[in-house]
1. What does the helix-only formula give at 222 nm for the chain: each DSSP H stretch with n ≥ 4 adding -39500 (n - 2.57), the total divided by the residues, and the result rounded to the nearest 500 deg cm²/dmol?
2. Can you work out the FRET efficiency for the pair ALA100 and THR20, with r the C-beta to C-beta distance and R0 = 22 Å, to the nearest 0.05?
3. Where a Cα-Cα gap under 26 Å defines reach, which lysines qualify for LYS10, not counting those fewer than 8 residues away within the same chain?
4. Return the distance in nm (one decimal) between the two label points of a simple spin-label model at PHE3 and ARG135, each offset 7 Å from Cα along Cα→Cβ.
5. Can you find, among GLY97, THR86, THR72, the residue sitting farthest towards the positive end of the charge dipole of segment 48-121, where Lys and Arg contribute +1 and Asp and Glu -1 at Cβ?
6. Can you match percent of Cα pairs over 24 Å apart to one of these, (i) 30; (ii) 35; (iii) 39, based on a calculation from the structure here?
7. Taking a ≥ b ≥ c as the square roots of the Cα gyration tensor eigenvalues, with a/c under 1.5 meaning rounded and otherwise prolate when a/b beats b/c, else oblate, which class fits segment 80-154?
8. Mind telling me which of GLU15, GLU124, GLU81 comes out most flexible in a GNM of the chain, alpha-carbon contacts under 10 Å?
Amino acid sequence: MAFTLTVNGKTHVIESSEDTPLLYVLRDELGLNGAKYGCGVGQCGACTVLRDGAPLRSCLAPAAAQRGHELTTLEGLQGPEGALHTLQKAFLAEQAGQCAYCIPGMILAAEALLRAHPQPSEAEIRATLDSHLCRCGSHNRIVRAIQRAAKEMAG
């Protein structure tokens, strides 16, 4: 049975089974590959997307349960006129992504944090990212990137 989802501001008719994880619908049916399959049990954060502005582990979330919600993937996070978002630019400037597998989820978690707390402390940033795993050891650069983005977004 088909259902619709709103992803990155566009409505899509989804043909997958209603219990298919959102991650698979995003990647396989919509071709949005920003969210990554990491652990498959919601513990690594690589699959994080935003649902109504809040982080959601898409590997655990049934796609059909997202009806009526606004979903945002890394592909939908843009700055003015389609340019890179301030967070994306800050991650590049701080060389925060080594392999970059975890970065889409971290950027989206940071976006939700900055919307709720435009000037977070380092402790708040670290607490937000605590459940996001990065094997490359880029944690300090990731924190600096979020701090940089917060300053730039503040004006």
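1. Mean residue ellipticity, 222 nm, calculated: -9000 deg cm²/dmol.
2. Given R0 = 22 Å and the Cβ-Cβ separation, E is 0.25.
3. LYS36, LYS89
4. According to this spin-label approximation, the distance is 3.3 nm.
5. THR72
6. Correct label, based on the coordinates given: (i).
7. oblate
8. The residue with the greatest mean-square fluctuation here is GLU81.
Computed from the coordinates by the stated procedures, all read-outs in this text should not be read as laboratory data. The structure displayed is predicted, hence computed values, not measured ones. Methodologically, a virtual Cβ is constructed for each residue, glycine included, from the backbone with ideal geometry; neighbour enumeration extends over all protein chains shown.
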